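Below is one structure; the comments refer to it alone.
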Amino acid sequence: MKFELKAHLRCSGAVVRTRTGTPEGGVNLSDIDECVAYCNKELLKKGAPPGCGAEVVRWKVVDERITLEIVSDRFVRAHDALLRVKKEFARLLGRYRIGLRGIEIEDYKIALEWEEGAEEKEGLRIRKLPFVKEIRHRKGSLELVLDVDESSLDKKIPDRLIRLLEEKKEANRWKGKSEHWELIFESEKKEHYFDKDPTEAMIQRDWLQHAAGRGQYVYGPQITQIFRAFEKILLDELLIPLGYNEMVFPKFIAWDVWKRSGHAKGIYPEMYYVCTPKSRDPEYWEDVIDYFKVTNEVPVDMIMEKIENVGGMCYAQCPPFWVFLQGKILPDDILPVKVFDRSGTSYRYESGGLHGIERLDEFHRVELIWIGKKQEVIDHAKLLQERYRQIFSEILEIEWREAWVTPWFMAQEGRTGLAESKEVGTIDYEAVLPYSGKWLEFQNVSVNGYKYPSGFSVKLQSGAELWSGCSGVGLERWAASLLAQKGLDPDKWSEKFRSIVGELPEVFRFL
Ligand code: ATP
Ligand code: ZN
Ligand code: MG
């Protein structure tokens with residue numbers, strides 16, 4: 001890695017005596033020489049291995065500006081070197097009652113090693129980067145010409161750019177490799193009583209209708225009663241016996257939540273965006289209103305100019321919960337805490353992947369969250385797995401399997417491997433759909449480590465590490481799994497499940 005930086009220190013007055021006349025005093029050029037020599041010998045080598053670090057290779061003083069050219073390796077990056085030199089100069093100039101007003105960056109180039117192996121070439125071709133005005137691919141290296149100012153240096157933009165490139169390299173390494181998937185449990189085979197697509201069958205029986213939006217359904221009384229039966233099973237067999245408490249989580253998610261949860265790193269192609277009006281003055285909206293009145297069309301383009309994005313609709317349920325704990329210190333004796341939410345819909349833009357109630361843009365899910373010390377969280381995940389197995393084998397009587405998979409927070413960074421330890425990670429539950437022979441993920445159990453507590457700055461009084469886990473139960477996915485294997489006729493369901501659902505209501509008839 002090589003860094004080449006040209007910057008100016010802006011001073012409050014002329015630095016040295018010049019022909020055009022200077023205020024009283026002024027710095028001796030030899031003092032500046034000495035200061036630079038000290039920087040090069042000591043200050044810019046501090047913390048670097050012998051022979052490494054940064055160096056001021058050229059300097060010049062014109063009126064109120066000191067121009068510096070700094071070259072460095074990765075040990076004391078040139079922008080860090082500049083900040084060190086600035087402090088040193090501030091001390092020197094202070095003796096002459098000259099202040100330092102700021103830094104101007106004239107030019108900043110970074111060159112880093114960049115392999116462009118034959119097959120992964122495409123993935124490593126960088127065309128555009130924030131705060132970079134020019135990108136040059138050279139043999140074995142990548143050259144960036146940065147577009148940064150002093151505040152970008154304060155925000156550590158150059159370091160973050162380098163980290164971003166390292167992440168891209170890493171993601172490229174994983175690309176093409178299939179996601180990690182490792183079978184850990186398989187139920188016994190079950191007799192299937194149905195070989196049709198359950199959504200089609202339900203539509204034929206008017207149990208549901210496609211709604212006006214994409215991937216969205218209006219659920220009729222029968223399937224709704226089935227959803228409620230699923231919730232009752234969860235409550236009676238798992239949530240109540242394991243000591244869960246119900247909460248209500250927000251379903252509009254402000255950006256700050258996704259910044260902290262990490263979703264802001266990759267959610268963009270799959271989220272539903274939420275906007276608010278730039279003004280609530282009816283006059284501001286009059287042209288839109290008039291346009292609709294005369295055309296009966298909603299002028300979406302005109303609207304887009306009058307609104308602004310403020311976040312998105314619920315994607316995963318747990319991120320907004322953590323705002324409840326954000327910045328708090330918890331006494332150890334309240335642990336483990338177990339809560340769940342079933343208060344609303346989740347949204348994902350599934351593009352062309354939509355398929356009946358198996359893959360929706362709008363879906364319903366019960367989300368469980370448990371919080372505790374590391375071992376508590378891991379043990380509770382095991383307990384949940386046992387309870388779920390009981391439900392699937394003894395009440396729903398379905399055929400399913402469980403797999404250890406790449407956790408979501410790695411998947412969104414483009415990594416398809418496994419979390420470093422086997423303690424953090426996700427188990428997917430999948431059911432076979434006889435009509436297609438495919439397996440459908442209908443829920444998961446995740447141990448998320450300290451990811452959420454650290455993202456939302458939640459601490460324990462004792463200082464021990466706080467961990468958490470979550471489990472998302474998709475109601476439509478449970479329904480699709482059960483009905484695909486057993487059909488819509490309650491006679492084919494287990495006796496237990498039939499009695500929990502009760503008589504299915506017949507409310508609507510269509511002519
Ligand atoms: P898939 O691989 O099927 O897209 P996912 O890995 O994106 O699923 P998660 O992010 O693990 O799903 O979401 C947790 C649960 O939410 C899933 O197990 C499922 O029950 C439900 N779910 C996710 N996406 C959808 C969807 N588009 N339609 C219906 N349910 C969904
Ligand atoms: Zn979750
Ligand atoms: Mg998905």
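Quick note: the coordinates plus some simple rules give every number you see, no bench work behind them. Predicted, not measured: the structure shown is a model, and the values here were computed from it. Cβ coordinates were reconstructed from backbone atoms using ideal geometry, including for glycine residues, and neighbour counts include every protein chain displayed.
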*Residue by residue, what Karplus-based ³J(HN,Hα) values in Hz, rounded to whole numbers, does the stretch 216-232 have, using 6.51, -1.76 and 1.60 with θ = phi - 60° and x for Gly and Pro?*
9, 10, 9, 8, x, x, 5, 5, 4, 5, 5, 4, 5, 5, 4, 4, 5
*Using only the C-alpha atoms of the chain, find the volume of their convex hull and express it per residue in Å³.*
240 Å³
*Which pairs in the list Lys168/Lys259; Lys128/Lys306; Lys2/Lys169 are over 23 Å apart, alpha-carbon to alpha-carbon?*
Lys128/Lys306
*Specify whether the C-alpha gyration tensor of the stretch 236-348 places it in the rounded, prolate or oblate class, a ≥ b ≥ c being the square roots of the eigenvalues: rounded for a/c under 1.5, otherwise prolate if a/b is larger than b/c and oblate if not.*
prolate
*Would you mind calculating the relative contact order of the chain from Cα pairs under 8 angstrom and at least 6 residues apart, reporting the percent as a whole number?*
15 percent
*What ranking do His210, His192, His79 get, fewest neighbouring Cβ atoms within 10 angstrom at the top?*
His210, His192, His79
*Could you list, bin by bin from short to long, the percent of Cα-Cα pairs of the stretch 2-174 in 10 Å steps?*
9, 34, 29, 17, 7, 3, 0
*Could you put Phe442, Phe252 in order, starting from the residue whose Cβ has the fewest other Cβ atoms within 10 Å?*
Phe252, Phe442
*Dipole axis of the stretch 445-511 (+1 Lys, Arg; -1 Asp, Glu on Cβ), positive-most option in Leu460, Gly502, Leu475*: Leu460
*Find how many whole Å separate the alpha carbon centroid of the stretch 191-225 from the alpha carbon centroid of the stretch 30-109.*
70 Å
*Using just the helices of the chain, give the 222 nm mean residue ellipticity in deg cm²/dmol: DSSP H runs with n ≥ 4 each add -39,500 (n - 2.57), and the total is spread over all residues, rounded to 500.*
-8000 deg cm²/dmol
*Could you size up the charge dipole of the stretch 268-406 around its Cα centre, putting +1 on the beta carbon of Lys and Arg and -1 on that of Asp and Glu, and report it in debye to the nearest 20?*
680 debye
*For a label point 7 angstrom out from the Cα of Glu104 toward its Cβ, which stretches of the stretch 25-63 have the backbone nitrogen within less than 19 Å?*
58-63
*How large is the dipole of the chain about the Cα centre if only Lys and Arg carry +1 and Asp and Glu carry -1, each at its Cβ, rounded to the nearest 20 debye?*
2080 debye
*Give the distance, in whole Å, between the Cα centre of the stretch 230-301 and the Cα centre of the stretch 438-460.*
21 Å
_Which of rounded, prolate or oblate describes the stretch 2-98 when judged by the alpha-carbon gyration tensor and an a/c cut-off of 1.5?_
prolate
*Taking the Cα centre of the stretch 2-174 as the origin, how large is its charge dipole in debye, to the nearest 20, when only Lys and Arg (+1) and Asp and Glu (-1) carry charge on their Cβ atoms?*
220 debye
*asked:* Angle check, please: helix 374-390 long axis (alpha carbons) against the longest principal axis of the chain (alpha carbons), in degrees 0 to 90, nearest 10.
replied: 20 degrees
*Tilt of helix 157-174 relative to the longest C-alpha principal axis of the chain, in degrees (0 to 90, nearest 10)?*
40 degrees
*trypsin sites (Lys or Arg not before Pro) lying in DSSP loop within the stretch 36-89, provided at most 16 other Cβ fall within 10 Å*: Lys46, Arg74
